[in-house]
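I have placed the structure first, in the form of structure tokens, so that the comments after it can refer back to it.
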């Protein structure tokens, strides 16, 4: 029984650390996006974070483009991360940045219009690529996406 209580305690502590890491990372990401784009920090509360299994994340995304690392649900104001998300991994931070761009775009003082949902990805991929470059990496190296693939993903 002592061991079970200890395991439950350690699990709760680990989840708390993960949540703190994510919250701290999201704050830094919002600041970076605001400094490197025309997006301003929204007055709406920052999205809540939900961590789920990779299988559940893929099901929620209904993605035809393969594996995704995160998604933003504007209805619930939630960013959903894969359970393996780690703040120290550059790739994972870039996934978070991509989803925060979507949150910021939808919560700007001036409404932005898109011809289709795919166009919402243009700025998110641009800033994700800029961020990765500023960290000495690239979108291709971290995600496997080429410029041509990004163009295809953003077409209407």
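Quick notes
- Residue separation of residue 41 and residue 56 scaled by 0.36 nm, minus their Cα-Cα distance, works out to 2.4 nm of gained length.
- Column: log10 I(q)/I(0), Debye, Cα scatterers of region 13-156, q = 0.09, 0.14, 0.20 Å⁻¹: -0.25, -0.64, -1.43
- Potential extension, residue 134-residue 78 segment - 0.36 nm per residue separation minus Cα distance: 17.5 nm
- Modelled spin labels at residue 151 and residue 114, positioned 7 Å past Cα toward Cβ, are 2.0 nm from each other.
- Among 91-101, 22-32, the order from most to least packed when residues are scored by Cβ within 10 Å on average: 91-101, 22-32
- Length available on full extension from residue 24 to residue 106: 0.36 nm per residue minus the Cα-Cα distance, which gives 27.4 nm.
Read the figures in this text as sums done on the coordinates, not as results from a lab. These numbers were taken from a predicted model, which means no experiment stands behind them. Heads up, the Cβs are rebuilt from the backbone with ideal geometry, glycines too, and the neighbour counts pull from every protein chain shown.
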